[in-house]
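Have a look at the structure below, then the notes.
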Amino acid sequence: QVQLQESGPGLVNPSQALSLTCAVSGGSITTEYYTWSWIRQPPGKGLEWMGAIAWDGFTSYNPSLKSRTSISRDTSKNQIFLRLSAVTPEDTAMYYCTRSDVNTLLTYASGRPFLRNENDFWGRGTQVTVPS
């Protein structure tokens, strides 16, 4: 019943910041013990976990993206936000918002490759292109 919907600009110029919104319905982003992750997939490549925010607002990030990534939320609007600064063409990808339990989050955060977990809720994704 939980649904997630990503939205934001489809094109972001190099060096600019990307801001995406994940609108959550059918469940509260403050409900224990769920975590909310941003995951992206460049064309022809695997999934890459970017970071997450937990039910209590605690955040964690992929070390390779931490310096450029910020995840926040608006509990009154039940929305999750992603900000990725200083984008390059390497940031071109499909960006997903997901809900996971903590065990799945640990899998994401391990840095190992992973596949989509059907037990989790995923948005449809939003395509972001950073031109050369």
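What follows draws every value from the coordinates through simple rules; no lab data is involved. Keep in mind that this is a model prediction, so the values were computed, not measured. All Cβ positions, even for glycine, are placed from backbone atoms using ideal geometry, and neighbour counts span all protein chains on display.
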Per DSSP, loop trypsin sites (Lys or Arg not before Pro) in the range 1-66 with at most 15 further Cβ within 10 Å: 45
Over the range 19-75, equivalent-ellipsoid semi-axes from the Cα gyration tensor in Å: 21, 13, 10
q = 0.13, 0.16 Å⁻¹, the range 11-124: log10 I(q)/I(0) [Debye, one scatterer per Cα]: -0.45, -0.69
Whole-angstrom gap from the range 31-76 to the range 93-119, using each part's C-alpha centre: 9 Å
